[in-house]
1. Can you give me the number of residues within the stretch 373-385 that are modelled with pLDDT under 90 and on the phi < 0 side of the Ramachandran plot?
2. Of the conditions (1) among the hydroxyl-bearing types (Ser, Thr, Tyr); (2) touching a strand residue (DSSP E or B) at 6+ places or on another chain (Cβ under 7 Å); (3) surrounded by fewer than 21 Cβ atoms within 10 Å (Cβ to Cβ); (4) within 23 Å of GLY269 (Cα to Cα), SER182 fails just one. Which one is it?
3. Filter the stretch 290-322 for residues that are in contact (Cβ under 8 Å) with a residue 60 or more places away in the chain, buried (at least 24 other Cβ atoms within 10 Å of the Cβ) and in contact with a Leu (Cβ under 9 Å, 6 or more places away or on another chain) and give the result.
4. Anything in the stretch 148-170 that is outside any loop (DSSP other than H, G, I, E, B) and in contact (Cβ under 8 Å) with a residue 12 or more places away in the chain? List them, or say none.
5. For ALA224, are the conditions met, namely being in contact with a strand residue (DSSP E or B) (Cβ under 6 Å, 6 or more places away or on another chain), of a type outside the set (S, T, N, Q), surrounded by fewer than 22 Cβ atoms within 10 Å (Cβ to Cβ) and at pLDDT 95 or above?
6. Residues in the stretch 202-213: is at least one under 16 Å from GLU57 (Cβ atoms), of a type outside the set (Lys, Arg) and either at pLDDT 95 or above or in a loop (DSSP other than H, G, I, E, B) (or both)?
7. Can you confirm whether THR73 is on the phi < 0 side of the Ramachandran plot, of a type outside the set (Gly, Ala, Ser), modelled with pLDDT of 95 or more and crowded, with 17+ Cβ neighbours inside 10 Å?
8. Run GLU57 past the list (1) in contact with a Ser or Thr (Cβ under 6 Å, 6 or more places away or on another chain); (2) surrounded by fewer than 17 Cβ atoms within 10 Å (Cβ to Cβ); (3) modelled with pLDDT of 95 or more and report the number of the one that doesn't hold.
Amino acid sequence: MNCFRLSIPLFCIFGSIFGAPLFAAEPYVHEIEVKTVPGVKKDVLLPPGPGNPRNSEGDFIELQDGRVLFIYTHFTGGGDDHATAHLAQRVSADGGRSWTDQDEVVVPNEGGFNVMSVSLLRLQNGDIALFYMIKNSLEDCRPVMRVSRDEAKTWSEPVGIIPDEDIGYHVLNNDRVVQLASGRLIVPVALHNRPSYPEPDWSGVLLCYVSDDDGRTWQRSTSALKGSHADGTRILLQEPGVVELRDGRLWMWARTNEGYQYQSWSTDGGDTWSEMVATTIRSPRSPASIERLPGRDELVMVWNDHAQFELGADPGSYPGRTPLALALSDDEGKTWQEVWILEDDPNGWYCYTAIDFVDDRVLLGHCAGERAKGGLNVTQITSFGIDWLVKR
């Protein structure tokens, strides 16, 4: 972790958006002196290797005995999103400071393409829930849920979240499933294809699937969100996330091709949602990760901060998924008062961050590859003391 900027809300002053040139990547320009955050540890936990060209999209869970599991997508058939992959795990016995060096298979490949993109959740009943996508084809990609009642030693058979009558290509990011204070489970997905579509719709339709019985049965939200400009042209909406606000509302955000994250709110537990509108969070076409600090009011966000880059002809792309930043909000995501840079290599590719809080540390599991080598091939664990974050 390198630099921080104090009291800078993420607003952007527009110059000319249209017709601006698309520049080559440049080093991130810090606003003040680069500083080192105390106690930061960076472990390239999962580099690619022979027969394993990519490791990505994982999540953490803390066990009752204090160990921490990191379950992730272990690719074997190539580095693209549809290559053969299974779910594997590494284990830490010291709060995420060190990890085992052997990959243990958790779920073998059950899909026509692969299984990928892990969310782990300690349910209110004490069980551990494992969510992931079974990707069979470009017309059938759906999330499922498994449950462990013996601290991840064994797992139940998968329970489908999306029924056959709703078959389609649905994307659920890693570390996205949440359980509300009411006990309701929320699975936010982006729908991009159905067998009836003439071609995939990569602009996306955002949906939530909800369960009020610990995942035994699921219902689809009434709202199906699309993004559109005033002239009717589509705004790309992908890879949504959800967090519960202090007043009980739900806040959804999603990546776009507009140079900003977009947002929506629900007042009825995720069944209906407001129209998607732009946030002040500048970013490329890359997901943000947002969670609440345990026992506190602040939200923490990890994302690719593009506040200092002009919007080019393709604001969703330039300059790619770098830098990687962390920010805090004490007003439920309206503004973000402090920003720290975690990674700023202009040739790096930082994304798909899982956030967890274990004992006195913050754990971040994220892709940290090089754009020239595909970007998603490496998973890094970045960790630091939570005391520093809350007492900054």
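1. Looking only at that region, the number is 1.
2. (2)
3. If the condition is that a residue be in contact (Cβ under 8 Å) with a residue 60 or more places away in the chain, buried (at least 24 other Cβ atoms within 10 Å of the Cβ) and in contact with a Leu (Cβ under 9 Å, 6 or more places away or on another chain), then VAL302, ASP305 are the ones that fit.
4. Keep residues of the stretch 148-170 that are outside any loop (DSSP other than H, G, I, E, B), which gives 148, 159-160, 164-166, 169-170.
Across the stretch 148-170, the qualifying residues are SER148, VAL159, GLY160, ASP166, TYR169, HIS170.
5. yes
6. No - not one qualifying residue is present in the stretch 202-213.
7. Working: on the phi < 0 side of the Ramachandran plot: yes; of a type outside the set (Gly, Ala, Ser): yes; modelled with pLDDT of 95 or more: yes; crowded, with 17+ Cβ neighbours inside 10 Å: yes.
So THR73 passes the test.
8. Unmet for GLU57, out of (1) in contact with a Ser or Thr (Cβ under 6 Å, 6 or more places away or on another chain); (2) surrounded by fewer than 17 Cβ atoms within 10 Å (Cβ to Cβ); (3) modelled with pLDDT of 95 or more: (2).
The values are calculated or read from the model by the stated rules, or taken from the named source; none is laboratory data. Bear in mind that the values here come from a model prediction, so they are computed numbers and not experimental data. Using ideal geometry, Cβ is built from the backbone for each residue, glycine included, and neighbour counts are taken over all protein chains shown.
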